[in-house]
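The values are calculated or read from the model by the stated rules, or taken from the named source; none is laboratory data. Every value quoted in this text rests on a predicted model; they were computed, and no experiment measured them. Using ideal geometry, Cβ is built from the backbone for each residue, glycine included, and neighbour counts are taken over all protein chains shown. All accessible areas refer to the heavy atoms of the entire protein, side chains included, with ligands and DNA or RNA removed. Shrake-Rupley method; radii C 1.70, N 1.55, O 1.52, S 1.80 Å.
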Amino acid sequence: MKSLPGPVERLIDHFAKLPGIGPKSAARIVFQLVHAPAEYVSDFADSLVSIKRDIAFCRECHNITDQGTDTCAVCSNPSRDHSEILVVEDILDLFAFERTGSYKGIYHVLGGLISPVEGIGPEQLNIGTLVARVKRLVSDSTVELVIATNPNLEGEATGMYLKEELEGIAGVSITRLARGLPSGADLDYADSTTLERALSGRSGF
Ligand SMILES: [Zn+2]
């Protein structure tokens, strides 16, 4: 694409690196922006910068939250059931369960899965904060941990590791999602009905 002006080429490269956007779609987006009103492009650019400037991570569950707040909207909501923690791989999975509108507990975002192939060990995930959090919560009530990692090799390995780390703590019960989800499926692509069914059919792990 050497015939294109530098700024256009640069922006196409940026978009093409995003998930689900190839070079063709990236070019289509950029040419649309070239023709868009200046105010729109400026608002769009500001939204992009704001993603880094105005967003922080919840110190309890690692969900995203507004900059300047310690805990996210779920953790700081007293009407959520703080004795039930749904453990998910990433924030996309958290939002998939929030979309169902029927889950009333809280979450813990691991920030990935254990993967020896990719060199990701438990110490690189948000597991230490989960253990500390569970220990703190069991002093008030029993805690149910629902392991909701994806049904693939890494998801299973991570689930097993969590079970070993946490099952010894008195007052903790560990369950996992019903296996209604197709093997290897990505939770954030599952529809709400499937997720609700997987959640209500959860069983001991
Ligand atoms: Zn939170």
Discussion item. Just to be sure before I move on: is Val172 in contact with a Gly (Cβ under 7 Å, 6 or more places away or on another chain) and away from the ligand (no atom under 16 Å from the Cβ) in the structure I sent?
Written reply: no
Worksheet entry | Those residues of the stretch 133-163 which are acidic (Asp, Glu) and open to solvent by 50 Å² or more (accessible area, probe 1.4 Å), in sequence order | Asp140, Glu154, Glu156
Fill in: Search result, residues across the stretch 59-89 that are away from the ligand (no atom under 14 Å from the Cβ), in contact with a helix residue (DSSP H, G or I) (Cβ under 9 Å, 6 or more places away or on another chain) and open to solvent by less than 80 Å² (accessible area, probe 1.4 Å)
Ser83, Glu89
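Among the residues of the stretch 109-118, is there at least one that is among the charged types (D, E, K, R), touching a Lys or Arg at 6+ places or on another chain (Cβ under 7 Å) and exposed (fewer than 14 other Cβ atoms within 10 Å of the Cβ)?
Looking through the stretch 109-118, none of the residues is among the charged types (D, E, K, R), touching a Lys or Arg at 6+ places or on another chain (Cβ under 7 Å) and exposed (fewer than 14 other Cβ atoms within 10 Å of the Cβ).
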Worksheet item: In the stretch 38-58, which residues are open to solvent by less than 80 Å² (accessible area, probe 1.4 Å) and away from the ligand (no atom under 16 Å from the Cβ)?
Response: Ala38, Val41, Ser42, Phe44, Ala45, Asp46, Ser47, Ser50, Asp54
Discussion item. If I go through the stretch 1-30 residue by residue, how many of them are surrounded by fewer than 12 Cβ atoms within 10 Å (Cβ to Cβ) and either among the hydrophobic types (A, V, I, L, M, F, W, C) or touching a residue at least 60 places away in the same chain (Cβ under 8 Å) (or both)?
Written reply: 2
Item to complete: Select from the stretch 121-131 the residues that are without any contact (Cβ under 8 Å) to a residue 24 or more places away in the chain and either touching a strand residue (DSSP E or B) at 6+ places or on another chain (Cβ under 6 Å) or open to solvent by less than 60 Å² (accessible area, probe 1.4 Å) (or both) and list them in ascending order.
Response: Gly121, Gly128
Worksheet entry | Scan of the stretch 91-115 for residues that are within 14 Å of the ligand (Cβ to nearest atom), free of Cβ contacts under 8 Å to residues at least 40 places away in the same chain and of a type outside the set (A, V, I, L, M), ordered by number | Glu98
Worksheet item: Residues in the stretch 13-44 that are closer than 28 Å to Tyr189 by Cα and within 27 Å of the chain's Cα centre (by Cα): how many?
Response: 15
Item to complete: Can you run down the residue pairs with Cβ atoms below 9 Å, 6 or more apart or on separate chains, where the first is in the stretch 46-70 and touching a residue at least 24 places away in the same chain (Cβ under 8 Å) and in a helix (DSSP H, G or I) and the partner is open to solvent by 80 Å² or more (accessible area, probe 1.4 Å) and within 15 Å of the ligand (Cβ to nearest atom)?
Response: none
